[in-house]
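The values are calculated or read from the model by the stated rules, or taken from the named source; none is laboratory data. Just so you know, these numbers come straight off a predicted model, no measurement behind them. Calculation scope for accessible area: heavy atoms of the full protein, side chains included, ligands and nucleic acids excluded. Shrake-Rupley method; radii C 1.70, N 1.55, O 1.52, S 1.80 Å.
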Amino acid sequence: MDQENKTQTWVSEFILLGLSNDPKTQVFLFVLVLTMYLVTLVGNTLILLLISLDNRLHNPMYFFLGVLSFVDLCYANSFTPQMLAHMLSARKSIPFYSCVFQLYLSLGLGGSEFFLLGAMAYDRYVAVCHPLHYTVIMHEGLCMGLAASCLVAGFTNSLMETIITFRLPLCHNIINHFACETLAVVRLACVDISFNMVMMAISGFLVIMLPCSLVLFSYGCIVTAILQIHSAQGRSKAFGTCASHLIVVCMCFGATIFTYLVPRSASSMEVEKFVTLFYGLVAPMLNPLIYSLRNKEVMAAFQKFLENFRDKE
């Protein structure tokens, strides 16, 4: 065991294999990823700007949407600039402590997002099932407390998982991934990783299944309440307030459950890369589009923003 621990001491950097070794494919991927990255930056920044500037969006639903956009921005920035740089370079290396920080940051932001989606589901439950008491229940203090709790829970879990991951003695430093991701790093271990896999399963249950259970419970109550509305217009309006959130929930939880909870196969590592890319970049890119295109209040705030911008010119 002492010799195995010395193996880890000599790892000063990691080599990332990335998505492809083919130069033409890397150029194509660079353009594609850069485009998605820019759309992610513009979309989420615009959502934050609209929420801060328009008084009509100063309510709990848009407060949580603003926090989600901020988390998505940070998540995309945690690995995308490095991935883009690696696509244009022959040597795809990352220093050891940069890898540790990247894994901690991405896990923390990812976990926080799941808890936030659970909090947003609770907000929609109160709005649909207790509309007369909505402003009383979802007061500013509760919203701030829920958002802070989501971030603390996400980063506390991330700290635990990061510590047990990088305490493993490593056989080599070549990571078959485009970023420092838990499953990819654990595969480098020289020792039995059963304990790590158990802890990852527990972590996955807490971070994925608990918020998912809250979402399912909230939407079960929401569907029951909507079915009791006699007016077709009323049912459509009630469902419309939840549709965007439900689409985002299905994307994020579906991709991550596939990555972490579906049994692994020998060819699953390449699939994992693209699922991680979907969750880390595609979902943050689509979130603002889903919430804005399906939301009349956000579109109205955007039109007002454009009008004010034209007037200043």
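Results, tabulated for the structure shown:
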quantity	calculated
Top of I202, I229, I164 by mean-square fluctuation, Gaussian network on the chain, Cα under 10 Å	I229
Degrees between helix 210-227 axis and first principal axis of the chain (Cα, 0 to 90, nearest 10)	20
Lysine pairs with alpha-carbon atoms under 18 Å apart, the chain, spacing 8 or more or separate chains	5
Accessible heavy-atom area order of S69, S12, S231, highest first, probe of 1.4 Å	S12, S231, S69
Among G141, G18, G110: highest mean-square fluctuation, GNM of the chain, C-alpha pairs under 10 Å	G141
Kirkwood hydrodynamic radius over Cα pairs of segment 130-251, then Stokes diffusion coefficient at 20 °C and 1.002 mPa s, in µm²/s	118
